[in-house]
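Data first, discussion second: the structure below is written as structure tokens.
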Amino acid sequence: MTIRTHAAALGLALGALALALAATATGSTGSTEQVQGCAKSTLALKTPGRLTLATGNPAARPWWNGTPVEPWKKSNPSTGKGFESALAYAVAKRFGFSKRAVTWIPLSVEEATQPGEKPFDFYLGQVRYSPAHDRNVDFSSGYYLVPQALLSRSALPLSRAKKLSEVRPAYLGVVAGTVSHRYTVRHIRPNVGPIAYDAMETVLASLERGFMTHGLVVDLPTAYQIRGRVTGGVIVGQFPNKGSRDRFALVFEQGSSLRKCVNKALGQLQANGTVKKLQSTWLTPAGGQRLLR
């Protein structure tokens, strides 16, 4: 290499280094795109430059949180508090949307999953993937795998169980024909029963008496909803996920091109531990996170 060639190469290297240092100083490498192939300006949105999201009203805790303001009845999705609100903003951030660039609208799950054009970019609100609804709308990949849980009363010894071996001797109630019923038979295998009831009201009444039912096996989201309907209701814990892919997913208008990009963002949030952290932050304090095995 000649002295002139060497000098030219050195100049190019120094120039590249200067550009790299400048990018580092400004916090940019020339691209703010965090989801490959999904630049914010290319997203097919209901309102250009804004992300329009929807959920049910009331938006129940621990999935949502924050002081309610009109039109919200129990919480405020725009606060970023609660598991699903925090997840929604984590997805929005992957595309470069600030909180101010996110609009929330109240909408029932029935309206969200019926056929036709939607007023939202995506909907979230403990919506379970359903093959029947999949004919009307598109679903994202799952962001929460729904576990089975054990509901009991604080006055009963079962409420202090920490292992599956402590659960099996108890009288366990289930609603007949449900996923919880099948899970109890196949995976919990109680010493007696389970005792199958024809309706949730019936099994809750039996649990209230604490005679023929010491605990109710039901999915964890439902346990959050109904624990206040029995005296001293307590979620003892959850069971390992076995044989079920029951999951919560985001809802999109059928044919939405946005789904592919959001799935990429969800994959990133799963891989970097964000989803797990949000579950620990918002779902663990609500109870039921002890694993009974």
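FYI, it's all coordinate maths here, none of it is from the lab. Keep in mind the model is a prediction, meaning the values are calculated, not measured. Ideal geometry is used to build each Cβ from the backbone, glycine not excepted, and the neighbour counts take in all protein chains shown.
Here is how the numbers come out for the structure above:
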quantity: Dipole magnitude of the chain about its Cα centre (Cβ charges: Lys, Arg +1; Asp, Glu -1), debye to nearest 20; calculated: 880 debye
quantity: Whichever aspartates and glutamates have a C-alpha closer than 14 Å to that of Lys40, once near sequence neighbours (fewer than 8 apart) are set aside; calculated: Asp121
quantity: Calculated FRET efficiency for the pair Ser244/Glu166, C-beta based, R₀ 25 Å, to 0.05; calculated: 0.65
quantity: Exposure proxy ranking, count of Cβ atoms within 10 Å, fewest first, for Trp72, Trp63; calculated: Trp72, Trp63
quantity: Sequence of Val109, Val102 once ranked by neighbouring C-beta atoms within 10 Å, starting from the fewest; calculated: Val109, Val102
quantity: Trypsin sites (Lys or Arg not before Pro) lying in DSSP loop within region 236-291, provided at most 14 other Cβ fall within 10 Å; calculated: Lys242, Arg245
quantity: Between region 63-95 and region 224-264, the alpha-carbon center distance in angstrom; calculated: 16 Å
quantity: Computed [θ] at 222 nm, helices only, for the chain once each DSSP H run of length n ≥ 4 contributes -39500 (n - 2.57); calculated: -9000 deg cm²/dmol
quantity: Near-label residues of region 94-113 by backbone N, under 11 Å of a point 7 Å along Cα→Cβ of Glu70; calculated: none
quantity: Helical segments meeting 24 Å axial Cα length and Kyte-Doolittle 0.5 threshold in the chain (DSSP H); calculated: 3-26
quantity: Using a Förster distance of 30 Å, the FRET efficiency for Lys260-Arg61 (Cβ separation, nearest 0.05); calculated: 0.45
quantity: Spin-label model distance (nm) - Thr103 vs Ala199, 7 Å beyond Cα toward Cβ; calculated: 4.2 nm
quantity: Where trypsin sites (Lys or Arg not before Pro) fall in DSSP loop in region 137-188, at most 13 other Cβ within 10 Å; calculated: Lys162, Lys163
quantity: Charge dipole (the chain, unit charges on Cβ, about Cα centre) - positive-most of Val185, Ser85, Val175; calculated: Val185
quantity: Computed magnitude of the charge dipole of region 24-137 (debye, nearest 20; Cβ of K, R +1, Cβ of D, E -1); calculated: 320 debye
quantity: (i) 21.2; (ii) 14.9; (iii) 17.7, with the label sought being that of the calculated mean projected area of the Cα convex hull in nm²; calculated: (i)
quantity: Region 148-238, dipole about Cα centre (Lys/Arg Cβ +1, Asp/Glu Cβ -1), debye to the nearest 20; calculated: 340 debye
quantity: Global form of region 148-238, assessed from the alpha-carbon gyration tensor, a/c cut-off 1.5; calculated: rounded
